[in-house]
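Contents: one structure, followed by commentary.
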Amino acid sequence: MPIIKSAIKRVTTNEKASARNSSQLSSMRTAVKKFESAKTAGAENVEDLYKAAVKAVDQAKSKGLIKANKAARDKSRLAARLAK
């Protein structure tokens, strides 16, 4: 544990950011998995789930959680899966 006051504050700030980032990343993965399972099951709300998954991927990219190339690749895979 750090002794310097600014270092102590940095530790707590980093913990908050880490929790926020992991939550955002988890919600992105959940949205993608929901779309995948709905598409496999042949559900009616596949379009809405696709839009939610793409939005989640875009938000993760804009916050710097995933790189631009991964976001593009994921969105491309989702679109291909939707078209099938």
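Computed from the coordinates by the stated procedures, all read-outs in this text should not be read as laboratory data. Just so you know, these numbers come straight off a predicted model, no measurement behind them. Virtual Cβ from ideal backbone geometry, glycine too; neighbours counted across all protein chains shown.
The figures follow:
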quantity: With Cα atoms, 0 to 90° folded angle of helix 5-41 axis to the chain main axis; calculated: 10
quantity: Set of segment 60-74 residues, backbone N closer than 15 Å to the point 7 Å along the Cα-Cβ line of S27; calculated: 60-66
quantity: Lysine pair count for the chain [Cα-Cα under 12 Å; pairs on different chains or 8 or more apart]; calculated: 6
quantity: Gain upon complete extension [K75, M1; 0.36 nm per residue less C-alpha separation]; calculated: 22.5 nm
quantity: Length released on extending from R10 to N45, taking residue separation times 0.36 nm less the Cα-Cα span; calculated: 8.3 nm
quantity: Per-residue Cβ neighbour rank within 10 angstrom, fewest leading, M28, M1; calculated: M1, M28
quantity: Residue order, fewest to most surrounding Cβ atoms within 10 angstrom, among I3, I66, I8; calculated: I3, I8, I66
